[in-house]
Amino acid sequence: MTGEAVHAGTRGGGARGSGRLGRAFAGTMGRALPIFAVVLAIVVLWYLAAFWLNAQWVLDQAERAGRSVGFWEILEKTMSQERPRLPAPHQVVAELWHATLGMKITSKRSLIFHAWVTLAPTLLGFLIGTVTGLLLAVGIVHNRAMDMSVMPWAIASQTIPILAIAPMVIVVLNSVGVTGLVPKALISAYLCFFPVVVGMVKGLRSPDCILLDLMKTYNASRWQVFWKLRLPASMPYFFTSLKVGAAAALIGTIVAELPTGAIRGLGARLLSGSYYGQTIQIWAALFMAAILAAALVGVIGLVQNWVLKRMGFVR
Amino acid sequence: METAATTKNGEPHAPGARGGGEGAGPVIRARGLSLTFETRDGPVHALQDVDLDIRRGEFVSFIGPSGCGKTTFLRVVAALERPTGGEICVNGMTPDAARRARAYGYVFQAPGLLPWRTIAGNVRLPLEIMGFDKGEQERRIGEVLDLVDLSGFGKKYPWQLSGGMQQRASIARALSFDAGILLMDEPFGALDEIVRDHLNEQLIALWKKTGKTILFVTHSIPEAVYLSTRIVVMSPRPGRVIEVIENTLPAERPLDIRDTPEFLAIAHKVREGLRKGHAYDG
Ligand SMILES: Nc1ncnc2c1ncn2[C@@H]1O[C@H](COP(=O)(O)OP(=O)(O)OP(=O)(O)O)[C@@H](O)[C@H]1O
Ligand SMILES: [Mg+2]
């Protein structure tokens, strides 16, 4: 609604001086409005679902106590259970609030602490995965044998369920004395390298034939073609790959934390939450993971905008 | 493959080497040149039995219906395509050796500027690749941008320029390393008549000033007659040379020379040649 008003305002007013700012603002609002509408719809559906899923428990309780309950009482009780089937949004928000700002970061129950435990291997895995992906992509583009051989393997690697190999990798690495950050980072990298390979192969191959011919007429070496043509041309693809890769890296770390008896990290929070039926804890951990992913992707997006603008890609 | 081409050249090339390669001999010399593309729908004879000598400093236009092999011929000269028969020498060498010696600048139909480089940056590209030092790069960039009337636009990005200006920038880029031969494949094909006239005038001036050998592909009869010293008329399927027309117009060519009877007579001759090509076809 306000978005509409702002739109109308800038269009009608047409003040030259503030036009650009106004337009940018209206643009942001224009983009924010649909997102806001979707979020609102999700929250409404969520509340409905919470009521629907948790009502049975309230009714059972009342029956056991031998008394009847009215609609409003059911409604109220579905929104405030300790272990609901589906916690209501405000319960998750309250738990998030409590577990992040409500306690010391060093506390074992602080979500910030657990988030950091997950973030560190994610960043390392992201780095390893990105570098591996880049090197493989460069190899694939420049070497026929690699072109033929690497891609099928890379695809095959992603068809193996990560949930099945993660514990094996961790156990094997633990048995040779590699513990802590590195095993998790490796599993994270395992998921992360793939989108980088795929995106960068496409990016490095994106220059037109005519540009490759042009470089040939200059008698440019492969190395020069790579640095002056292929690599800069691949930058938009690179950042897109990074975004997908970062999300994959985070998932990899969380999966690595799940089945290994880890007691720290978002994955461990998810697992212990499900052991003890602490659904609110699970959902809070899920949201923390989503926030982490959004932050990672957001930071990459900022770097992307800056770099592409500096390169003259963005008009 | 390369060695095979050289040995093939070795013997039949002997008469051509008379003049002593680089100096007096033809800059480009084709004998029985053929190129057949093997496609899924069978062979396509893009060039067949092309004999042609081009001397230093000539301005040769190639004209003919679409698909007659004009681009293919230029690409063979540039060693971007390998002939399947006959021989061709560029500066007395194989095309590939000439390419490695950076004997030519190539202007494609599309400007082909790198979007992440400024105009000056685009002109700098070949200079960087060929290892000119920084000062020399700047000097040459200034010089060729001047030559194509783009000084002052060096800091702009390609998308900030009109199509005609972009094409001029791509010509500047091809001129920057001062190769003796300029290969131009319909460089003005996508531009409107007025811009085209202007660029044609500039191109003639540039050619006179630099004394380069220019091979110029076009679809336009007036353009071919206005620009060139010789006009090569080609016909399709298979792509061959129908006729080579000497242009007897004086070297001094103001735009309104196109209304003179001499001009129209030569244009008529070209048109006749093209018609003959179609007779071949039918
Ligand atoms: N790489 C290729 N593979 C197969 N066939 C090709 C290839 N390049 C060109 N040809 C064919 O060779 C013939 C000559 O093509 P060419 O591009 O040289 O024509 P052209 O005279 O430049 O035409 P236009 O005036 O349309 O540019 C055409 O029939 C074309 O389809
Ligand atoms: Mg062509």
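The values are calculated or read from the model by the stated rules, or taken from the named source; none is laboratory data. For clarity, every value in this text was computed on a predicted model and none was experimentally measured. Every residue, glycine among them, receives a Cβ derived from its backbone with ideal geometry; neighbour counts consider all protein chains shown. In case anyone asks, the SASA skips ligands and DNA or RNA and just uses the protein heavy atoms, side chains included. Shrake-Rupley method; radii C 1.70, N 1.55, O 1.52, S 1.80 Å.
Residues in region B:261-281: is at least one closer than 24 Å to B:Gly180 by Cβ, out of contact with any Gly (no Cβ under 7 Å at 6 or more places or on another chain) and not β-branched (Val, Ile, Thr)?
Within region B:261-281, not a single residue is closer than 24 Å to B:Gly180 by Cβ, out of contact with any Gly (no Cβ under 7 Å at 6 or more places or on another chain) and not β-branched (Val, Ile, Thr).
Would you point out which residue out of B:Arg139, B:Arg230, B:Arg237 is surrounded by fewer than 21 Cβ atoms within 10 Å (Cβ to Cβ), more than 14 Å from chain A (Cβ to nearest Cβ) and within 16 Å of ligand 2 (Cβ to nearest atom)?
One residue alone meets the criteria, B:Arg237.
Looking only at residues that are touching a residue at least 40 places away in the same chain (Cβ under 8 Å) and among the basic types (Lys, Arg) in region A:30-89, which one is most open to solvent (accessible area, probe 1.4 Å)?
Per the stated criteria, the residue is A:Arg85.
Filter the helices (runs of 4 or more DSSP H) completely within region A:192-297 down to those with at least 1 residues that are outside the structural domain of A:Glu82 (by TED's automatic domain parsing), within 19 Å of A:Val131 (Cβ to Cβ) and touching a residue at least 40 places away in the same chain (Cβ under 8 Å).
Output list reads A:231-257.
Mind counting the residues in region A:205-234 that are more than 23 Å from B:Leu127 (Cα to Cα) and of a type in the set (A, V, I, L, M)?
Residues flagged as more than 23 Å from B:Leu127 (Cα to Cα) and of a type in the set (A, V, I, L, M) within region A:205-234 amount to 0.
Let me confirm something: among B:Glu143, B:Glu128, B:Glu138, which residue is away from ligand 1 (no atom under 16 Å from the Cβ), closer than 16 Å to A:Thr217 by Cβ and more than 21 Å from the chain's Cα centre (by Cα)?
Of the residues listed, the single one that is away from ligand 1 (no atom under 16 Å from the Cβ), closer than 16 Å to A:Thr217 by Cβ and more than 21 Å from the chain's Cα centre (by Cα) is B:Glu128.
Taking the stated definitions as given, is B:Phe62 part of a strand (DSSP E or B) and crowded, with 16+ Cβ neighbours inside 10 Å?
Against the criterion (part of a strand (DSSP E or B) and crowded, with 16+ Cβ neighbours inside 10 Å), B:Phe62 qualifies.
Among strands (runs of 3 or more DSSP E) lying entirely in region B:195-282, which contain 1 or more residues that are hydroxyl-bearing (Ser, Thr, Tyr)?
In region B:195-282, the matching strands (runs of 3 or more DSSP E) lie at B:213-218, B:230-235.
Residues being at the interface with chain A (Cβ under 8 Å from one of its Cβ atoms) and open to solvent by less than 20 Å² (accessible area, probe 1.4 Å): count how many of those fall in region B:99-111.
Selection size over region B:99-111: 3.
Looking only at region A:171-209, which residues are surrounded by 14 or more Cβ atoms within 10 Å (Cβ to Cβ) and within 14 Å of chain B (Cβ to nearest Cβ)?
Across region A:171-209, the qualifying residues are A:Gly203, A:Ser206, A:Pro207.
Of a type outside the set (Asp, Glu), away from ligand 2 (no atom under 16 Å from the Cβ) and farther than 23 Å from B:Leu206 by Cβ: does that describe B:Thr36?
yes
Within region B:157-175, can one find any residue that is surrounded by fewer than 15 Cβ atoms within 10 Å (Cβ to Cβ) and on the phi > 0 side of the Ramachandran plot?
No, because not a single residue in region B:157-175 is surrounded by fewer than 15 Cβ atoms within 10 Å (Cβ to Cβ) and on the phi > 0 side of the Ramachandran plot.
Which numbered condition trips up B:Thr210, out of (1) within 24 Å of B:Arg75 (Cβ to Cβ); (2) open to solvent by less than 40 Å² (accessible area, probe 1.4 Å)?
Status for B:Thr210: all satisfied but (2).
Looking only at region B:191-221, filter to residues that are small (Gly, Ala, Ser) and out of contact with any strand residue (DSSP E or B) (no Cβ under 9 Å at 6 or more places or on another chain); which one of those is farthest from B:Arg102 (Cα to Cα)?
Looking at the filtered set, the residue picked out is B:Ala205.
Out of the residues in region A:90-115 that are under 12 Å from A:Ala285 (Cα atoms) and touching a Lys or Arg at 6+ places or on another chain (Cβ under 7 Å), state the one that is modelled with the highest pLDDT.
The qualifying residue modelled with the highest pLDDT is A:His114.
Kindly evaluate A:Thr217 against the criterion of being within 14 Å of chain B (Cβ to nearest Cβ) and β-branched (Val, Ile, Thr).
Against the criterion (within 14 Å of chain B (Cβ to nearest Cβ) and β-branched (Val, Ile, Thr)), A:Thr217 qualifies.
A quick yes/no check of all residues on (1) touching a Phe, Trp or Tyr at 6+ places or on another chain (Cβ under 7 Å); (2) away from ligand 2 (no atom under 16 Å from the Cβ); (3) more than 24 Å from B:Asp146 (Cβ to Cβ); (4) among the small types (Gly, Ala, Ser):
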site	(1), (2), (3), (4)
B:Ala169	no, yes, no, yes
B:Asn200	yes, yes, no, no
B:Glu243	no, yes, yes, no
B:Ala251	no, yes, no, yes
B:Pro254	no, yes, no, no
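In the list B:Leu74, B:Leu80, B:Leu47, which residue meets the criterion of being more than 14 Å from chain A (Cβ to nearest Cβ) and either more than 10 Å from ligand 1 (Cβ to nearest atom) or not hydroxyl-bearing (Ser, Thr, Tyr) (or both)?
That would be B:Leu47, the only listed residue that is more than 14 Å from chain A (Cβ to nearest Cβ) and either more than 10 Å from ligand 1 (Cβ to nearest atom) or not hydroxyl-bearing (Ser, Thr, Tyr) (or both).
If you take the residues in region B:180-195 that are away from ligand 1 (no atom under 16 Å from the Cβ) and either more than 29 Å from B:Gly67 (Cβ to Cβ) or crowded, with 21+ Cβ neighbours inside 10 Å (or both), which one is farthest from the other protein chains (Cβ to nearest Cβ)?
B:Gly180
For residues in region A:90-121 being among the hydroxyl-bearing types (Ser, Thr, Tyr) and in a loop (DSSP other than H, G, I, E, B), which is most open to solvent (accessible area, probe 1.4 Å)?
The extreme case among them is A:Thr106.
Residue by residue through region B:213-225, note down the ones that are more than 16 Å from ligand 1 (Cβ to nearest atom) and either open to solvent by 40 Å² or more (accessible area, probe 1.4 Å) or at pLDDT below 90 (or both).
B:Pro222
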